[in-house]
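Colleague: I'd like to ask you about the structure that follows.
The values are calculated or read from the model by the stated rules, or taken from the named source; none is laboratory data. In this text the structure is predicted, and so the values were computed from the model without any measurement. Cβ sites come from the backbone with ideal geometry, for glycine too, and all protein chains shown count toward neighbours. Quick note on the areas: whole protein, heavy atoms, side chains included, nothing else; ligands and nucleic acids left out. Shrake-Rupley method; radii C 1.70, N 1.55, O 1.52, S 1.80 Å.
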Amino acid sequence: MVRMKKITLKAARVNCGLSQKEAAKELGIAESTLYKWESGKNKPNSKYLPRIEAVFKMPVDSIIF
């Protein structure tokens, strides 16, 4: 079984070519919330996980929060 390398939430966003503002809008959250997730100050609520997978096109277990 091939394991995907884990990357940070910021790296996932950058790989998708999104700014923080664009990604926050697509996720339906405030830009400050995304900043907190990326900096490790907060972790996303489980209700956002499917949306994170859709926006960043990767499973959340491959993302470091």
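Colleague: Here are some residues: 25, 43, 10. Which one is more than 11 Å from the chain's Cα centre (by Cα) and open to solvent by 50 Å² or more (accessible area, probe 1.4 Å)? Break it down stepwise before answering.
Modeller: Working: 43 fails: more than 11 Å from the chain's Cα centre (by Cα); 10 fails: more than 11 Å from the chain's Cα centre (by Cα).
After ruling out the rest, the residue left standing is 25.
Colleague: On to the next question. Given (1) more than 19 Å from residue 6 (Cα to Cα); (2) under 9 Å from the mean Cα position of the chain (by Cα), identify the lone condition not met by residue 20.
Modeller: Result: residue 20 passes all but (2).
Colleague: Follow-up question, since we're still on this one. Is it the case, given these coordinates, that residue 33 is open to solvent by 60 Å² or more (accessible area, probe 1.4 Å) and among the β-branched types (Val, Ile, Thr)?
Modeller: In short, no.
Colleague: Applying the selection to segment 13-22, what residues are in contact with a helix residue (DSSP H, G or I) (Cβ under 7 Å, 6 or more places away or on another chain) and open to solvent by 70 Å² or more (accessible area, probe 1.4 Å)?
Modeller: Selection gives 21 alone.
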